[in-house]
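The structure under discussion appears below in the form of structure tokens.
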Amino acid sequence: MERPKIMEGEKVSLAVILKEDKDKWFLLANDRDIQTFLNDGARIYPREKFDEIYEVSKKNKQKMVDFAIVDNISGELVGFIGLQGINWVSRHAMVWYAIAREHWGNGYASEALSLLCKFAFENMNLNKIWARVYEPNKASQRVLEKNGFKFVGRLRKHVYLPEFGYVDELHYDLLRENNKGSMGFSFSGCWL
């Protein structure tokens, strides 16, 4: 099945998540270097969990919007990104993203986040996007800051990470009025 692209950047596009993405999701979700910095580093996901998450995402578009991140040249799935906890009254949502380890350092997360911000502000009419990141995750902090997110708070020693002990949870946000704006992306449809 051909994967519909929703927004296209120079390196990557945001695209529809397909059932066929189960194997890539399974590897990403269970990669300890990735999982350490997502929610619960002790969690282990079975392949079948993808089916549950996929169905919840399809049924719950009022609270979450998720995308595949696809390399524009190879067409390879390199990660996932999305918004969750969408609050339509206050017009905000929390962003999350995960890039496969073999694609780290290529600028994919930064560009995918830029595309997602454009989508959220222009197509969903959100006023704010926020993120939480654990203090040892310097790469994710740089991704947020490159995209104009501002550090807004710290929960001290809030999360236990097996390799780091208790760490601070840092909070960032980006307001619509502070968004850097378009960086030459083309819009190819709307998905909600």
Legend entry - Residue that is farthest from ALA131 (Cα to Cα) [pool: residues in the range 64-84 that are in contact with a helix residue (DSSP H, G or I) (Cβ under 7 Å, 6 or more places away or on another chain) and of a type in the set (A, V, I, L, M)]: LEU77
Legend entry - Some residue of the range 113-134 being of a type in the set (S, T, N, Q), under 14 Å from the mean Cα position of the chain (by Cα) and at pLDDT 95 or above: yes
Legend entry - Members of the range 85-130 found to be within 16 Å of GLY9 (Cβ to Cβ), of a type in the set (Gly, Ala, Ser) and touching a helix residue (DSSP H, G or I) at 6+ places or on another chain (Cβ under 7 Å), listed by number: ALA109, SER110
Legend entry - Odd one out for VAL89 among (1) at pLDDT 95 or above; (2) outside any loop (DSSP other than H, G, I, E, B): (2)
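Listed here are the residues, each with its yes/no results for (1) surrounded by fewer than 20 Cβ atoms within 10 Å (Cβ to Cβ); (2) modelled with pLDDT under 95; (3) assigned to a loop (DSSP other than H, G, I, E, B).
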site	(1), (2), (3)
LYS22	yes, yes, no
TRP25	no, yes, no
ASP51	yes, yes, no
LEU83	no, no, no
Legend entry - Answer residue from the range 31-48, given it is part of a helix (DSSP H, G or I) and surrounded by 15 or more Cβ atoms within 10 Å (Cβ to Cβ) and is modelled with the highest pLDDT among those: ILE34
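The values are calculated or read from the model by the stated rules, or taken from the named source; none is laboratory data. Everything quoted here is computed from the prediction, not taken from an experiment. Please note: Cβ atoms are built from the backbone with ideal geometry, for glycine as well, and neighbour counts cover all protein chains shown.
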